[in-house]
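Here the structure is laid out as structure tokens; the discussion comes afterwards.
The values are calculated or read from the model by the stated rules, or taken from the named source; none is laboratory data. Just so we're clear, the structure is a prediction, and the values are computed from it rather than from any experiment. Please note: Cβ atoms are built from the backbone with ideal geometry, for glycine as well, and neighbour counts cover all protein chains shown.
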Amino acid sequence: MKKNLLYIRKTLYDEKEAPVKLIGVLLVLVGWLLPVLTLVSVQSTGARLFLSLLGIAISLAGIFGVLNRAHLKDAVWKKA
């Protein structure tokens, strides 16, 4: 049990991966905030659609491009 907790702590707080994971989370938040904040201020339907699709693209890039790669570097099945 104690060895398992040490492994979890090591994978969560790896110093090399922390900035990459933080950048990924920030990209996801920016991608979410972009359409939410601009939908209130933009009147044009085309601009709203464009900004919403841009926000979705930024969020997906943060999730699949940055966070997923950082997670797969130290995946459980690669530790053997």
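Descriptive notes on the structure:
- Options Val25, Val40; residue that is assigned to a helix (DSSP H, G or I) and at pLDDT 90 or above: Val25
- Of the criteria (1) out of contact with any Ser or Thr (no Cβ under 9 Å at 6 or more places or on another chain); (2) surrounded by 10 or more Cβ atoms within 10 Å (Cβ to Cβ); (3) more than 12 Å from Val28 (Cβ to Cβ); (4) modelled with pLDDT under 90, which one Ala75 fails: (2)
- Exactly one residue out of Thr38, Thr45 is more than 16 Å from the chain's Cα centre (by Cα) and either surrounded by 15 or more Cβ atoms within 10 Å (Cβ to Cβ) or closer than 22 Å to Pro19 by Cα (or both): that is Thr38.
- As a summary of the residue check, Leu6 satisfies the conditions (1) more than 17 Å from the chain's Cα centre (by Cα); (2) of a type outside the set (Ser, Thr, Tyr); (3) surrounded by 15 or more Cβ atoms within 10 Å (Cβ to Cβ); (4) modelled with pLDDT under 90 except for the one numbered (3).
- Any chance Val20 is modelled with pLDDT under 90, of a type in the set (A, V, I, L, M) and touching a helix residue (DSSP H, G or I) at 6+ places or on another chain (Cβ under 8 Å): yes
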